[in-house]
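Asks: The structure's right below; bear with me while I get my questions together.
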Amino acid sequence: MVRQSDCVIINVNCSYCKNPIHDNAIECEWCGNKVSKNYDPEQKNDIPELSIHDVEILKLLRQGAFLNAVKYKKDNSNLDLKASKEYIDNLALKHGITKPKSGCFIATVCYGDYESAEVIEFRRYRDEVLLKSAFGRIFVSSYYKVSPAIAKLLEKSESSQRMVRFIILTPLLNLIKSESKDNNTAS
């Protein structure tokens, strides 16, 4: 039986998601962040331990899979997409993990929008397939070095953008989608 005196009400907010923490909580009920038993809101350097979810998120971040980390956070908490992204950005910052530059430079220029379905599919493939192998990581790293200059050239010519879309990107995207369907069928 729990007595009233056994419960400590901490009148503070979670250091990660800013939701209230109460009743001798072991972890934040909103984001799963572990709360230090000796939590002292006046002590600035009292950093809560990492939750199981944060450990998994940090693994994804170290692999460069920021979109997957945001999705994981959203799926495993009560946070919406925007709050999940902010949480991931802050967690990465606290642990010295930097986001790769925006990525998908050529596809973004050719499709005209970083959030287009085609560009999202290329990013998904990068995160879920390419970044999981040594060769894929080397390819992505090389792409990030070369593609900004190519994208800059493509920005100047709509006909070049259409040509790259038609000759390179669309067939590549069809191949990615075909491979994805094959893998889903085999599972």
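Read-outs: derived from the displayed coordinates by stated rules, not from any lab. Computed from a predicted structure; not experimentally measured. Cβ atoms come from the backbone with ideal geometry, glycine included; neighbour counts cover every protein chain shown.
Asks: Can you give me the distance in nm between label points at I120 and L93, each placed 7 Å from the Cα along the Cα-to-Cβ direction?
Replies: 2.6 nm
Asks: What percent do you get for the relative contact order of segment 51-166 when only Cα pairs under 8 Å and 6+ apart count? Please report the intermediate quantities before stating the final value.
Replies: On the way: 94 pairs, mean separation 28.2, N = 116.
With pairs under 8 Å counted, the relative contact order is 24 percent.
Asks: Do any of K82/K156; K59/K156; K85/K181; K94/K132 go past 30 Å between their Cα atoms, and which?
Replies: The pairs that break the limit, which is 30 Å between Cα atoms, are K82/K156; K59/K156.
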